[in-house]
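Note sheet for the following structure.
The values are calculated or read from the model by the stated rules, or taken from the named source; none is laboratory data. Predicted model, so just to flag it, every value in this text is computed and none were measured. Cβ coordinates were reconstructed from backbone atoms using ideal geometry, including for glycine residues, and neighbour counts include every protein chain displayed.
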């Protein structure tokens, strides 16, 4: 299972650009909105969901998130951000799915 905020767009890009099929995606926005019956969560970003459900606050510097991600080599800041994003997505998925199936 792959979880994340905006995961469907990421999976589509991988399919279109690299012919890499990513089955079993679960979007955390929709999942949280349905499980907690809060429509507003459908528009929440990863920072909002992270703070609310795992108590973790982190930075998303625009100079990194809006940088060139299609370069052959990523900058150290891009690699760090990608790692944080993956970790937070995984933790968020574990927490939300764990709450839902108690």
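A compact table of results
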quantity	calculated
For residue 51: the one exception among (1) at pLDDT below 95; (2) over 19 Å from residue 2 (Cα atoms)	(1)
In the stretch 24-67, the residues that are without any contact (Cβ under 8 Å) to a residue 40 or more places away in the chain and either in contact with a strand residue (DSSP E or B) (Cβ under 6 Å, 6 or more places away or on another chain) or closer than 17 Å to residue 9 by Cα (or both)	24, 25, 27, 29, 30, 42, 43, 44, 65, 66
Test for residue 13: is it free of Cβ contacts under 8 Å to residues at least 40 places away in the same chain, under 21 Å from residue 98 (Cα atoms) and assigned to a helix (DSSP H, G or I)	no
Checklist (1) assigned to a helix (DSSP H, G or I); (2) out of contact with any helix residue (DSSP H, G or I) (no Cβ under 6 Å at 6 or more places or on another chain); (3) modelled with pLDDT of 95 or more; (4) surrounded by 14 or more Cβ atoms within 10 Å (Cβ to Cβ) applied to residue 64, failing item	(2)
Single residue of the stretch 69-81 satisfying the filter (part of a loop (DSSP other than H, G, I, E, B) and either at pLDDT 95 or above or in contact with a strand residue (DSSP E or B) (Cβ under 8 Å, 6 or more places away or on another chain) (or both)) that is surrounded by the fewest Cβ atoms within 10 Å (Cβ to Cβ)	73
